Amino acid sequence: MRSAALAARPLAAGPHKQRVVLGTLLCRANQVVSVDALSEALWGDAPPRTAGKNIQVLISMLRKGLGGRPEDPARDADSEITLTHRHAGYVIEIGPRQLDALEFQEHVQAGRVAERAGDVAGAARALGTAVSLWRGPMLPELATVPIIATQARRLREQYLDAYESWAEAELALGHHAALLDGLNELARRHPFRERLRSAQMLALYRSGRRAEALAQYETMRQLLARELGLAPSPVLARLYASLIAGEAAAAEQPAALEPPRERAALVREEPQAPAERARVRLPRELTDFTGRRSATAALLEVLGDGGGNRVAVLSGPAGVGKSALAVHCAHRLADQYPHARVMARLRGPDGTALSISEVLGDLLHALVPDAEAPRGLDDRAGALRERTAQRRMLFVLDDAVTEVQVRHVLWAIGDSAALITSRRRLTGLEGATQHALGPLREPEAVELLGRLIGPARLAADPDSARRIAAACGGLPLAVRIAGAKLAGLRHLPLARFAERLADDGRLLEELTAGDLRIRPALALAHQDLSPGDQAVLASLAGAPGVCFTGGEAAALLGTALPQAESAIERLIEAHLVEALPMPDLGPATAVPDDLSELDGLGRFGGGSGSGFGGSGGPFSLSALSELSEEEDDVFAQTAEPLYRLLPLIRVFVREGYAR
């Protein structure tokens, strides 16, 4: 989606926040987008108190660009774009001729209908029209907005899938020569897509360039061996064998590329009840699972259509509830994945990464419990690809260590969907949607505590309950441990327990209940760091203040600012440091009274907000709240970002993490 048009002219989007709102609405065109979703797109997990009012202002500005309210008699009656309030949200109603993404999907749908009818020429025409609309990544200037980034990745996958289907239809019609330039370029940019490589090899072969076709296979074979330690799939290997043998069948439609109608019947029609019993290996869902409505909705949106090639990464700090959320979503996706839903850990009991062979063997055992897994890595990967082919399966890959580890597993499970949890962001993982999970908000943390200790006990002392949730840093694991401990110690007043948690020297020891302990989870997160980053973390944790700027970190570490920023960013990647939300000082929104919330250091933290040196630091939030409106824009362009260590990891590192 690169453009929208009103009355044959481009639709002006306006300032940045207005573009975010418009982009979010267009990503879900003709669907209601909740105010909460718009708020999250604009401000993430830290919206200002005036978020609802600010959104109303932005919507009003967009309506002016559209020509007024839909009920306004002065509005252009010929316009096909309307923006209305409906069901606690907003919906933009727009047709395919005004939004290129909708027009693309319309032509793709027509191509799929032609495929199912056996009309290869019709499929080629419709899909060709669809791919011709592609102008590059969707809304690249808004790529940092999660909901827009998710839709951009999805649209890119739809484009690549449509292009592959179009190429196969054109090859079936004998139009191989016209395909070569486009196939060569896309295969170069997406080297791991086997359908692209197959179509490229076949087009080269039919154009009389047999040696180049064989060379493309060798290029992919070397790439897979070097990057993943794997061999090409049996399907691609069979195509290569037919080409090298010069078989006449290779000049026609090979087995690697089924006719469009057959392939559509396999993967796009509504799934029938699977002939074999569904394989389900998931932990039981927590009966007291709390919150995470927005994160759940985002994951279900990515994985919920039951189609193949859906990959989501759920990252966050230790104890934040990544595995619990992944299991919660997997249980809700039973209908979409009728053949299998399997969870596998990617680490051993000591926290080290399992070998790829061990992981693949575990997955094979989950799918075929009575069969012995092949011994070799390539054989295991091939067996898994064969087992998952043409089935709707969801794999939950829990506690991934690196992108390389995940790539191996994704290659082996083929087009199956995958939900990956990790303490690191895994931003280098191609084609995956990224979902960062933060601590629970205070109301959700208190609600979880109440479910564990009982509503009557919570209602008797809600202030102490909030202090306990704050001491736990909003981490569900810590809240769960605190709740389990209080449930077992019915005589212990909440106020007394809150006092004990307020002592940093006792905090981690207090967060122990039976074999539930917060310290091992923090230790594993610390263990993942390199020795150099462990030293940086220790220096930051030992500083007297709670939050800091890049310049202050550089002074503390005795290094230049670029090196300090790189170290901070590595810790952000590991979810041990977070960047605090900067005040929203854009021209479309004026909310100076919201700045006081940052003096509390985010959701639960406390302490000074002026950096390591207290009031003597170079940045003061209290002073910021006194800026005049004329100074707001200057500050927004010049203020240095503010960071802090996650509260519990700070306590863990400061006490020496050795107890």
Return the pairs, sorted by first residue and then second, in which the second residue is small (Gly, Ala, Ser) and outside any helix (DSSP H, G or I), the first residue lies in the stretch 451-472 and is farther than 17 Å from ALA484 by Cβ, the beta carbons are less than 8 Å apart, and the residues are 6+ apart or on different chains.
ARG467/ALA502; ALA470/GLY605; ALA470/GLY606
Would you mind telling me which numbered condition in (1) open to solvent by 50 Å² or more (accessible area, probe 1.4 Å); (2) part of a loop (DSSP other than H, G, I, E, B); (3) touching a helix residue (DSSP H, G or I) at 6+ places or on another chain (Cβ under 6 Å) ARG467 fails?
(2)
Restricting to the stretch 337-353, what's the tally of residues that are open to solvent by less than 50 Å² (accessible area, probe 1.4 Å) and either in contact (Cβ under 8 Å) with a residue 12 or more places away in the chain or in a helix (DSSP H, G or I) (or both)?
11
What's the number of the condition LEU204 fails, among (1) open to solvent by 30 Å² or more (accessible area, probe 1.4 Å); (2) among the aliphatic types (A, V, I, L, M); (3) at pLDDT 85 or above?
(1)
Scope the stretch 316-334; condition over 14 Å from PRO476 (Cα atoms), open to solvent by 30 Å² or more (accessible area, probe 1.4 Å) and in contact with a helix residue (DSSP H, G or I) (Cβ under 8 Å, 6 or more places away or on another chain); matching residues:
ARG332
Can you find a residue in the stretch 399-412 that is modelled with pLDDT of 90 or more, touching a Ser or Thr at 6+ places or on another chain (Cβ under 7 Å) and open to solvent by 10 Å² or more (accessible area, probe 1.4 Å)?
yes
Given ALA215, ALA152, which one is open to solvent by 10 Å² or more (accessible area, probe 1.4 Å), among the aliphatic types (A, V, I, L, M) and at pLDDT below 85?
ALA152
Would you mind listing the helices (runs of 4 or more DSSP H) fully within the stretch 489-590 where at least 1 residues are of a type in the set (Lys, Arg), free of Cβ contacts under 8 Å to residues at least 24 places away in the same chain and under 23 Å from PRO476 (Cβ atoms)?
494-501, 504-510
What are the residues in the stretch 301-336 that are small (Gly, Ala, Ser), over 26 Å from LEU508 (Cβ atoms) and in a loop (DSSP other than H, G, I, E, B), if any?
GLY304, GLY306, GLY307, GLY308, ALA334
Is the stretch 137-148 home to any residue that is open to solvent by 40 Å² or more (accessible area, probe 1.4 Å), modelled with pLDDT of 85 or more and of a type in the set (Gly, Ala, Ser)?
no
Any residue that is open to solvent by 70 Å² or more (accessible area, probe 1.4 Å) and within 28 Å of the chain's Cα centre (by Cα) - is there at least one of those in the stretch 110-130?
no
Tell me whether the stretch 305-315 contains one or more residues that are on the phi > 0 side of the Ramachandran plot and either open to solvent by 30 Å² or more (accessible area, probe 1.4 Å) or acidic (Asp, Glu) (or both).
yes
When residues of the stretch 418-434 are filtered for being outside any loop (DSSP other than H, G, I, E, B), modelled with pLDDT under 90 and either among the aromatic types (Phe, Trp, Tyr) or in contact with a helix residue (DSSP H, G or I) (Cβ under 6 Å, 6 or more places away or on another chain) (or both), how many remain?
1
The correct count of residues that are over 16 Å from ALA298 (Cβ atoms) and of a type outside the set (A, V, I, L, M, F, W, C) in the stretch 428-440 is 4
Looking at the structure I just gave you, is LEU196 touching a helix residue (DSSP H, G or I) at 6+ places or on another chain (Cβ under 7 Å) and crowded, with 19+ Cβ neighbours inside 10 Å?
yes
Determine the pairs where a residue that is free of Cβ contacts under 8 Å to residues at least 40 places away in the same chain, located within the stretch 367-381, has a partner that is not in a helix (DSSP H, G or I) with Cβ atoms under 6 Å apart, the partner being 6 or more residues away or on another chain.
ARG380/ALA373; ARG380/PRO374
Report yes if VAL396 is of a type in the set (A, V, I, L, M) and either modelled with pLDDT under 90 or open to solvent by 10 Å² or more (accessible area, probe 1.4 Å) (or both), otherwise no.
no
Provide a single number: the residues in the stretch 354-377 that are among the hydrophobic types (A, V, I, L, M, F, W, C) and part of a helix (DSSP H, G or I).
8
Mind checking whether some residue in the stretch 418-426 is over 18 Å from the mean Cα position of the chain (by Cα), more than 26 Å from ARG644 (Cα to Cα) and not hydroxyl-bearing (Ser, Thr, Tyr)?
no
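The values are calculated or read from the model by the stated rules, or taken from the named source; none is laboratory data. Here the structure is a predicted model, which means the values were calculated and not measured. Cβ atoms come from the backbone with ideal geometry, glycine included; neighbour counts cover every protein chain shown. Ligands, DNA and RNA are stripped out before the accessible areas are found, and what is left, the full protein with its side chains, is counted by its heavy atoms. Shrake-Rupley method; radii C 1.70, N 1.55, O 1.52, S 1.80 Å.
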